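Please read the structure below before turning to the comments.
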Amino acid sequence: MLRGDMSLVGTRPPTPDEIEQYNVPEWQRLDVKPGMTGEWQVNGRSSVKKFEDVIRMDLNYQKNWSLMYDVQLILKTIAVLFSKKAGAA
């Protein structure tokens with residue numbers, strides 16, 4: 001059943017333990033529906049180890065959001081999926 005809890009492109013869905021770590025700036029990332037793809041997924045994913053970097057990417061997505069930016073991220077997602085380097089490390 002589709003409920004509309006996520007969008008195609010957006011921020012990475014937060015885990016409950018991450019939300020417990022949030023300070024005031026991080027709460028802003030919850031203003032956007034999480035997406036199945038986004039900056040985190042196409043710009044490092046498994047190589048991004050710092051929580052602060054994930055937050056920075058999510059806030060950057062919100063700051064730069066446009067329909068064209070979403071299209072760019074979708075195209076980049078497709079390229080990453082078919083890359084020889086695809087997959088979690």
Just the residues that are touching a Leu at 6+ places or on another chain (Cβ under 9 Å) and surrounded by fewer than 16 Cβ atoms within 10 Å (Cβ to Cβ), please, taken from region 30-48. Met36
For Leu73, state whether it is touching a strand residue (DSSP E or B) at 6+ places or on another chain (Cβ under 9 Å), surrounded by 15 or more Cβ atoms within 10 Å (Cβ to Cβ) and touching a residue at least 12 places away in the same chain (Cβ under 8 Å). yes
Checked region 73-89 for anything modelled with pLDDT of 85 or more and in a loop (DSSP other than H, G, I, E, B); matches are Phe82
Run down Gly4, Gly44 and say which single residue is under 19 Å from Ala79 (Cβ atoms), over 9 Å from the mean Cα position of the chain (by Cα) and at pLDDT below 80. Gly44
In this structure, is Thr37 more than 12 Å from Gln62 (Cβ to Cβ), in contact with a Ser or Thr (Cβ under 8 Å, 6 or more places away or on another chain) and modelled with pLDDT of 75 or more? yes
Return the pairs, sorted by first residue and then second, in which the second residue is assigned to a strand (DSSP E or B) and modelled with pLDDT under 85, the first residue lies in region 33-59 and is within 15 Å of Asn23 (Cα to Cα), the beta carbons are less than 8 Å apart, and the residues are 6+ apart or on different chains. Asp58/Thr11
Helices (runs of 4 or more DSSP H) contained in region 21-72 and holding at least 2 residues charged (D, E, K, R): 51-64
Give the number of residues within region 49-70 that are of a type outside the set (D, E, K, R) and surrounded by fewer than 16 Cβ atoms within 10 Å (Cβ to Cβ). 9
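The values are calculated or read from the model by the stated rules, or taken from the named source; none is laboratory data. Note that the structure is predicted; figures quoted are calculated from it, not measured. Glycine also receives a Cβ, built like all others from the backbone with ideal geometry; neighbour counts cover every protein chain displayed.
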